[in-house]
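**Q** I have a structure here, written as structure tokens, and I will follow up with some questions on it.
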Amino acid sequence: MELYDERIKKKGKRKADLKFVVDVLLLCRSGIIKPAEGYGNLNNFGMLKSYMKIGWRTMAKHKMFSSIKIGGFALGIAACILISLFIRQELSYDRHYKAGDRIFRVFRESTFKGQRGFGAHFPHPFASIVQENYPEIELAGRYNSAALWGAGSNEVRRADKSESSYENKIVFADQSLLDILEVPFIQGNPNNALSAPNTIVITKSRADKYFPGENPLGKDLVLNNDLSKQFTITGVIEDFGDETHFRYDFVISMANREFYPGEATNWQNDNYLTYIRVRPGTDVAALEQKLLSMVPNYFLPQAVEQGSVNTIAWAKSLHFRFQPVKDVYLNLNQIHDGLDHGDIRYVWLFGLIATFILLIAAVNFINLSTAKSSNRAREVGIRKVAGSQRNSLVTQFLTESFLFTIFSVFIGLCLASLLLPYFNVLLAKNLTFPWQEWWIAPVLITATLVIGTLAGLYPSLYLSSFKPVQVLKGVVSRGSKSSSMRSVLVVFQFTISVALIMATVIIDRQMSYILNKNLGFDKDQVIILHGTHTLENKISSFKNELLKLPHVISASVTDYLPVEGSTRDGGGWRKDGMSAEEGVSGQQWSVDADYVKTLGLKIVRGRDFSNSALDSQSVIINQALVKSLNLKEPIGDRITNWMGSWTIIGIVEDFHFESMKQEINPLGMYIRPSIKSVAVKVSAVDMAGVIQSVSNLWKVFSPNQAVRYTFLDQSYARMYEDVRRIGIIFRLFAFLAIVVASMGLFALSAFITEQRSKEISIRLVLGASVRSIFQLLTSNFVKLVLIAIAIAVPVAAYLMQKWLADFSYRIEITADIFLITGATALIITFGTVSFQSIRAALTNPVNGLKSE
């Protein structure tokens, strides 16, 4: 075939075809045709050994190129391993239930004023009614984790002890919920542990903490030093691990419990999350449709009774959905339920980043393998002349690829093991290597084979395609000339790198904007004391003594703070004389007279609260409520909520009391007792001394309870901890991607400089300047990076605009972000290739020409 190609060029196709037929006929000789049985005796093991030896020698001969190939692969594999561990854990939640395919959380979908909404909370009687009326539902169970009703955080002690401990994983639940979630019991009867009122189930770790070496069954625990909240332990359960979204240490019975009078027959107050287990073979979609009968039978009658047009419209729009329990943690519908959740978008994002980094490393392998092709061309030509078939050459180069991959996987595993503790700190996770799992060895072997094949296939096919006639005549120098594919791959590498750089810049700016934006309140030098409700009637005396301490400026007793995790109370506000449907929803906060002063809220109209009894029916509202109710002259107006009618005495400037992912909602504040925490504004002169003084005072008032405090600014920063972590991860992986891409670029520039050494020497002899040589060697790389920037910037801008859309308050993607991104990419490119280019330009040309 090679001779045929040559004859077409020299003698034309007709003569070449005739000669080709003659050549084929001459091949049909007994001396040329090998016996078929001879192929069965080939020494395959010997060939494989030979391939490995050649691969090892090639690796040792080109140390820099081999190091970059292996190092880049190892970094990419380490990143993939770490991210795979994270993704595996995120996707493993709630997959351990025996009846997992029949367990669902019920949530509602509704439309209100044209907006679609989701909710997971239902009225008190909902669970029992659906279990009674729908035979497809085998079990239904509820739980309530609202701090407003006593769940969440509490001070806990044994009934026979006086010292309390802080616990923050307390929940009220039905016995049936334990059955649905298959909670494993260590002690007690799992069938009726929560069937009786005032009973409690605790985890083994808490049993060991409060009753070391004792049997806790039948003993009592007291919450918040309140003997009316005394519960008898009826069961000890296994600690909930990282594999479930339902993680509590204390589960209190809800038998015969109402959190407010009349709740058992009220269908307009939603306080309970409901889970169901359906019978085998149930058509879930059909059951969702059947549940629509709940609306006219239960929800709508009370809505009509209230007479609110809005409530009736909302009730009519209700649909009930079943969310598989395995989907609750990743919360695909963004249902607000007060639980800690993962984010499926981050799972996909991290997976893409890991894949991209590995692809960048694979691109390095392909680029460097094809770039060095001219060094292997004569080897390929001689092997073909000696009778080697193309498939055997492909096998040889794939074997070399596997050899590189094996080294890379081993080093990548070592790197991942070393970096895992730091990765855990970064993600606030507890990831571990599943060395004991049966599948780990097959997965690693399969991954090695797949990665080695994918990375080595193109170079193997490319190198094995050389024609012996051209190679041995010295025609082939493809390493420097056939660069189209390498150029495409370099553009691909830097497109990913540039996109990550731009994403990092935008995330950093958004985080800086959030943490430094004017919030409308003063979060600095504010200490929050927690658990102060245990002081009961001594709380006023405690506050007065606080105010006497040096450096304490003011103090406010309240449960309602402008950070996530503190108490919230939503409801309706309307101006006196308005109908119910004209009202707006908003927050209703119980504060004391010093709240505005302590948190530095700005009064824009009217006045602050006074300690006068006249302000007991007064309210201070924010600008958002003024706007929502369209109040023209708000001072002196009266507005109404479910607690009564209030006179507006002041307007505060809007302040952010939720995440910046949300708009500032309407808010009204009135003086009412709420004593779970105390905010203390102090001077920054001696913070350590202030803390010590406050702690000493606490011991006087509550000697059996340790003081607990946080700083408001730190609590605010924790609201954005997930965003901060994502920013750090982006920076790290962007840096890693750039390093791997730059390693390949460095190696390519070194190779091209080596290939053009004689050309450079001749140019220098003929008077070329160092600058012109530098431009010659760098211009092509700069063009490729500019193409990558042109592709990456619009794509990254679009994706980051989607990410920023989650924030109601966000930065704009401005032109300087594009400039910073492009300039950073070009600086990295120049920094990577300039070393080799300047070195070549400064080399004595005699060294490059003395062999001629």
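**Q** In degrees from 0 to 90, rounded to the nearest 10, what is the angle of the helix 344-371 Cα long axis to the longest principal axis of the chain?
**A** In the chain, helix 344-371 runs at an angle near 10 degrees to the longest axis.
**Q** Round to the nearest 0.05 the FRET efficiency obtained for Asn611 and Lys538 when R0 = 30 Å and r is the Cβ-Cβ distance.
**A** Efficiency computed from Cβ-Cβ geometry: 0.95.
**Q** Tell me, how many Å apart are the Cα centres for the stretch 586-641 and for the stretch 536-579?
**A** Here the answer is 13 Å between Cα centres.
**Q** Also: Leaving out ligands, DNA and RNA, what percent of the accessible area of the chain is carbon and sulfur, probe 1.4 Å?
**A** Details: 23430 of 40260 Å².
Of the solvent-accessible surface of the chain, carbon and sulfur hold 58 percent.
**Q** Against the longest alpha carbon principal axis of the chain, how many degrees, from 0 to 90 and to the nearest 10, is the axis of helix 815-842 turned?
**A** 30
**Q** Do any trypsin sites (Lys or Arg not before Pro) in the stretch 772-852 lie in a DSSP loop with no more than 13 other beta carbon atoms within 10 Å, and if so, which?
**A** Working: sites: Lys783, Lys802, Arg810, Arg839, Lys850; in loops: Arg810, Lys850.
Of the trypsin sites (Lys or Arg not before Pro), the ones in loops of the stretch 772-852 whose Cβ has at most 13 other Cβ atoms within 10 Å are Lys850.
**Q** Arranged from highest to lowest average of other beta-carbon atoms within 10 Å per residue, in what order do the peptides 815-825, 6-16 appear?
**A** 815-825, 6-16
**Q** Calculate the radius of gyration of the Cα atoms of the stretch 512-603 to one decimal place, then report Dmax, the largest Cα-Cα distance, as a whole number, both in Å.
**A** Computed over the Cα atoms of the stretch 512-603, radius of gyration and Dmax are 16.5, 51 Å.
**Q** Mind running the shape call on the stretch 648-726? Use the C-alpha gyration tensor, a ≥ b ≥ c as the square roots of the eigenvalues: rounded below 1.5 for a/c, prolate if a/b tops b/c, oblate otherwise.
**A** oblate
**Q** Give me the distance in nm between label points sitting 7 Å out from Cα along the Cα-to-Cβ direction at Leu27 and Thr232, one decimal.
**A** 9.5
**Q** Take the eigenvalues of the Cα gyration tensor for the stretch 705-852, scale each by 5, and report the square roots as semi-axes in whole Å, largest first.
**A** In descending order the semi-axes read 48, 18, 11 Å.
**Q** May I ask you to derive the FRET efficiency for Ser67 and Asn847 from their Cβ-Cβ distance with R0 = 22 Å, giving the value to the nearest 0.05?
**A** Working: r = 25 Å, r/R0 = 1.12.
The formula returns an efficiency of 0.35 here.
**Q** Given the stretch 581-710, what count of lysine pairs have C-alpha atoms under 22 Å apart, with each pair 8 or more places apart or on different chains?
**A** 8
**Q** Rounded, prolate or oblate: which fits the stretch 627-677 when a ≥ b ≥ c are the square roots of the eigenvalues of the alpha-carbon gyration tensor, with rounded for a/c under 1.5 and prolate only if a/b beats b/c? Can you show the working numbers first?
**A** Working: a/c = 2.01, a/b = 1.13, b/c = 1.77.
Oblate shape, in that a/c is at least 1.5 and b/c is the bigger or equal ratio.
**Q** Multiplying the sequence separation of Glu379 and Ala255 by 0.36 nm and subtracting their Cα-Cα distance, what value in nm do you get?
**A** 36.4 nm
**Q** Principal axis extents for the stretch 686-772, Cα atoms only, whole Å, descending order, please.
**A** 91, 27, 18
**Q** Further question: Using just the Cα positions, wrap the stretch 160-237 in a convex hull and report its mean projected area in square nanometres, one decimal place. Each step should come with its number before you reach the end.
**A** Numbers: hull surface 20.6 nm².
With the hull built on Cα positions only, its mean projection is 5.1 nm².
**Q** Run the numbers for Val795 and Glu633: contour at 0.36 nm per residue of separation, minus the present Cα-Cα distance, in nm.
**A** Once the chain is fully extended between Val795 and Glu633, it gains 53.4 nm.
**Q** Packing-wise, with mean Cβ within 10 Å as the measure, how do 438-450, 588-600 rank, highest first?
**A** 588-600, 438-450
**Q** Between Thr647 and Val782, what is 0.36 nm times their sequence separation minus the Cα-Cα distance? Round to one decimal in nm.
**A** Numbers: separation 135, 0.36 × 135 = 48.60 nm, distance 6.86 nm.
That works out to 41.7 nm of additional length.
**Q** Before rounding to the nearest 500, sum -39500 (n - 2.57) across all DSSP H runs of length at least 4 in the chain and divide by the residue total; then give [θ] at 222 nm in deg cm²/dmol.
**A** Rounded to the nearest 500, the figure is -16000 deg cm²/dmol.
**Q** First measure r as the distance between the Cβ atoms of Asn189 and Leu547, then evaluate 1/(1 + (r/R0)^6) with R0 = 51 Å and state the FRET efficiency to the nearest 0.05. Can you show the working numbers first?
**A** Values: r = 52 Å, r/R0 = 1.03.
For R0 = 51 Å, the calculated efficiency reads 0.45.
**Q** Rolling a 1.4 angstrom probe over the protein heavy atoms, how many square angstrom per residue are accessible across the chain? Please list the in-between numbers first.
**A** Numbers: 40260 Å² over 852 residues.
On a per-residue basis, 47 Å².
**Q** Let me ask you something else. Report, to the nearest 10°, how far helix 63-90 tilts away from the longest principal axis of the Cα atoms in the chain, using its own Cα long axis and a range of 0 to 90°.
**A** It is inclined by approximately 30 degrees.
**Q** Expressed as a whole number of Å, what is the distance separating the alpha-carbon centroids of the stretch 207-263 and the stretch 700-768?
**A** If you average the Cα positions of each part, the centres end up 47 Å apart.
**Q** Just to verify a number: what accessible area does Ile553 come out at with the full protein assembly present, 1.4 Å probe, Å² rounded to tens?
**A** Ignoring ligands and nucleic acids, Ile553 comes out at about 110 Å².
**Q** Can you check what the net charge comes to around Leu454, using other residues whose Cβ is under 15 Å from the Cβ of Leu454 (Lys, Arg +1; Asp, Glu -1)?
**A** 0
**Q** In a shell of Cβ-Cβ distance under 11 Å around Leu291, excluding Leu291 itself, what net charge do Lys and Arg (+1) and Asp and Glu (-1) give? Could you put the intermediate results ahead of the total?
**A** Values: positive: Arg108, Lys290, Arg321; negative: Glu136, Glu288.
Net charge around Leu291: +1.
**Q** Still on this structure: Return the percentage of antiparallel bridges among DSSP beta bridges fully within the chain, rounded to the nearest 5 %.
**A** Counting DSSP beta bridges with both partners in the chain, the antiparallel share is about 80 percent.
**Q** Normalised by the residues of the chain, what does the relative contact order come to in percent, with Cα pairs under 8 Å and at least six apart?
**A** Reported as a whole number, the value is 14 percent.
**Q** If you take all C-alpha pairs in the stretch 230-385, what percent of them are over 26 Å apart?
**A** Here the tail beyond 26 Å accounts for 61 percent of pairs.
**Q** Spin-label point model (7 Å from Cα, Cβ direction): what's the Arg390 to Lys597 distance in nm?
**A** 8.9
**Q** If each Cα of the stretch 279-361 is one equal point scatterer, what is log10 of I(q)/I(0) from the Debye formula at q = 0.19 Å⁻¹?
**A** The Debye formula, applied to the Cα set alone, gives -0.97.
**Q** Report the semi-axes of the equivalent ellipsoid for the stretch 192-311 in whole Å, largest first, where each axis is √(5λ) for an eigenvalue λ of the Cα gyration tensor.
**A** Values for the stretch 192-311, descending: 36, 21, 12 Å.
**Q** Could I ask something else about it? Evaluate the distance, in nm, between pseudo-label points positioned 7 Å from the Cα of Asp101 and of Lys661 along their respective Cα→Cβ axes.
**A** 3.3
**Q** Then there's this: Placing +1 on the Cβ of each Lys and Arg and -1 on the Cβ of each Asp and Glu in the chain, which of Leu697, Leu614, Ser808 has its Cα farthest towards the positive end of the resulting dipole?
**A** About the Cα centre, the residue reaching furthest to the positive side is Ser808.
**Q** Bin by bin, in steps of 5 Å, what percent of the Cα pairs in the stretch 367-419 do you find, going until the bin that has the longest distance?
**A** Percent of Cα pairs in each bin: 5, 16, 18, 20, 14, 10, 7, 5, 3, 1.
**Q** Among all the lysines, which ones have a C-alpha under 18 Å from Lys467's C-alpha, if same-chain residues fewer than 8 places away are not counted?
**A** Lys9, Lys10, Lys372, Lys384, Lys481
**Q** Give me the orientation-averaged projected area of the Cα convex hull of the chain, in nm², one decimal.
**A** For the chain, the mean projected area of the Cα convex hull comes to 52.1 nm².
**Q** In addition: Could you tell me which of rounded, prolate or oblate describes the stretch 773-824, using a ≥ b ≥ c as the square roots of the eigenvalues of the alpha-carbon gyration tensor, with rounded for a/c under 1.5 and, failing that, prolate when a/b is larger than b/c and oblate otherwise?
**A** Judged from the Cα gyration tensor, the stretch 773-824 comes out prolate (a/c at least 1.5, a/b above b/c).
The values are calculated or read from the model by the stated rules, or taken from the named source; none is laboratory data. As the structure is a computational prediction, the values presented were derived from the model and not from experiment. Because the Cβ atoms are built from the backbone with ideal geometry, glycine has one as well, and the counts that use them run over all protein chains shown. Heavy atoms of the whole protein, side chains included, go into the accessibility calculation; ligands, DNA and RNA do not. Shrake-Rupley method; radii C 1.70, N 1.55, O 1.52, S 1.80 Å.
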